[in-house]
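We did not get these values from a lab; they are worked out from the coordinates using the rules stated. Every value quoted in this text rests on a predicted model; they were computed, and no experiment measured them. Quick reminder, even Gly has a Cβ in these numbers, built from the backbone with ideal geometry, and neighbours come from all protein chains shown.
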Amino acid sequence: MGGTLAHDVIGVSRQTDVAVNYSYHIKMKKGQLALGLKGMVSFYSANLTALKIWDQNDQVFMSDIQNKWIPNFGAGAYYYTDRFYAGISVPHLLNYNKPSTFLSAQISRVPHYERHYFAAAGYVFNLQDKVYLKPSTLIKYVPNAPVEADLNMNVFFMRIFR
């Protein structure tokens, strides 16, 4: 069980996120499976009238956005052993302002939220006595955007630091 509190200020917008996380671990034959859930709410404000705009009649910028609350939830699964791990997650399951999409909500004048999908995996190879190689990857997918992949390589000598 855990939680997160985050506060972002970007330009004229402010967002505070409050989340509660829970995971349940299941012992398997060779490893463990962790299943996680997250419930969260974001509080969003934007001082839009402070912006310099080209079109003074643009209705979007005529008034500020004050304290909109935006609920969401996420889920993930993570399997791991002493040498291997793999996981998938969707941190924000709800999309906003896309009424035709499954798990969508319509809230006026909030940021556009697009669902993100993550997959991660890694393995530890024993190269020689006290030398280990750990390649890993994180793949990120967002609809209508290029797939991103992070490839990493760690080398451990004598496992001094864990």
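Would you kindly calculate the translational diffusion coefficient of the range 2-157, applying Stokes-Einstein with the Kirkwood radius from alpha carbon pairs, for 25 °C and a viscosity of 0.890 mPa s, and quote it in µm² s⁻¹ without decimals? Result for D is 131 µm²/s.
For the chain, a Gaussian network of Cα nodes joined below 10 Å ranks S23, S136, S63 by mean-square fluctuation, and the top entry is S63.
In this label model, T4 and T137 are separated by 2.4 nm, measuring between points 7 Å along each Cα→Cβ vector. Cross-link check: pairs K27/K134; K52/K140; K30/K130 evaluated at a Cα-Cα cut-off of 31 Å; pairs beyond the cut-off: K52/K140.
Charge dipole (Cα centre; +1 on Lys/Arg Cβ, -1 on Asp/Glu Cβ; no other charges) of the chain amounts to roughly 740 debye.
Taking the charge dipole of the chain about its Cα centre, with +1 at Lys and Arg Cβ atoms and -1 at Asp and Glu Cβ atoms, the residue from L37, G11, G74 reaching farthest to the positive side is L37. At an R0 of 45 angstrom, the distance between the Cβ atoms of E114 and K30 translates into a FRET efficiency of 0.80.
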